[in-house]
1. At GLU128 and ALA153, where each label point lies 7 Å from the Cα along Cα→Cβ, what is the point-to-point distance in nanometres?
2. Run the simple label-point estimate for ALA67 and HIS91 please: 7 Å along Cα→C-beta, distance reported in nm.
3. Which value in nm describes the separation of the simple spin-label points at SER103 and ARG3, placed 7 Å from the Cα toward the beta carbon?
4. Going by amide H atoms built from the backbone, whose H comes under 5 Å of the H on LEU48, apart from near neighbours?
5. For THR102, which sequence-distant residues (separation of 5 or more, or a different chain) have an amide H within less than 5 Å of its own amide H, given hydrogens modelled in the peptide plane?
6. Just want the ordering: LEU181, LEU131, LEU71, from fewest to most Cβ atoms lying within 10 Å of their own Cβ.
7. Could you please rank ILE32, ILE120, ILE82, placing first whichever residue has the fewest other Cβ atoms within 10 Å of its Cβ?
8. Report, in debye and to the nearest 20, how large the dipole of the chain comes out about its Cα centre when Lys and Arg carry +1 and Asp and Glu carry -1 on their Cβ.
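Laboratory data are not the source of any read-out in this text; all were calculated from the coordinates shown. On a predicted model such as this, the values are computed, not experimentally measured, just so you know. Heads up, the Cβs are rebuilt from the backbone with ideal geometry, glycines too, and the neighbour counts pull from every protein chain shown.
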Amino acid sequence: MTRIIAGAAGSLALDVPASGTRPTSDRVRESIFGALDAANAIAGARVLDLYAGSGALGLEALSRGAAQVELVEKSPRAASVIDRNARRVQHAAGGSYRVHRTSVDAYLAVVREPYDLVFIDPPYDLGEDGLHETLRLLAPALAPASLTIVERAARSPQPVLPDGLALERHRRYGDTAVWWLTPREGADQPREASQSR
C-alpha cells in the first residue's frame, strides 16, 4: 500500500494506477523527505512532480506544507488517480495543486513560474537522451536555490546534466538511485511566469 508518510495528511492511503507506474517505496520517500525537511526545503515551496504516476512524491510535499504542487502525467488513467489522491490530501493539508495531463517535455516547453523543488521519477524505459532533454527544458524554470531530485533504477548511469544544473549528491537505496541536483552558478535566470496553460 502506498500512503502519505507524514504531515497534515500523514497515513492517508493513496490509490495507485493499475499499471504503467512505479511508485516510490516508503523507505526511499522517507529518506528523501527527511533530508528535505532538515533543509527546510518544503514549507511554502512551489513544487513540480514530473512523471507523477500516483502523485505520491508531490502529494507528500503538499502534506508537509508546500504551497503549490504541479503534477504532470501523460497517462489519462494515472492522471485521474492523481486527481483523486490530490483532492484527499488537499482536504487534509490545504495548499493548492493542479494535475496536467500532458507529456513532461510538452509541459516544460511552456513558460512557468520558477519552481523551488522538483521531483523527476521517469519510467525505466526513458533513455539517457530523453532524461537529458527533460533536464535541459527544466533548467530555466528553476528558482536560484531550488532542488531537483531524480530517481532511477540503481543500474542507471548518472544523468548527463545540461548547462544550468550541477550534481549535489547521490544516494543508493537497494534497487533505487537518487540524484540531487542544484542550479549551476551563472546559469540563466528563471523564466517569468506566464498565464498561458
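1. If labels sit at GLU128 and ALA153, their model points lie 1.5 nm apart.
2. 2.7
3. 3.8
4. GLU70, LEU117, VAL118, PHE119
5. Counting only residues 5 or more places away or on other chains, the set is GLU73, LYS74.
6. Details: LEU181 24, LEU131 19, LEU71 29.
In order of increasing Cβ crowding within 10 Å: LEU131, LEU181, LEU71.
7. On the way: ILE32 21, ILE120 24, ILE82 30.
If I rank by nearby Cβ atoms, fewest first, I get ILE32, ILE120, ILE82.
8. Values: 23 positive and 24 negative charges, 110 e Å.
Computed about the Cα centre, the dipole is about 520 debye.
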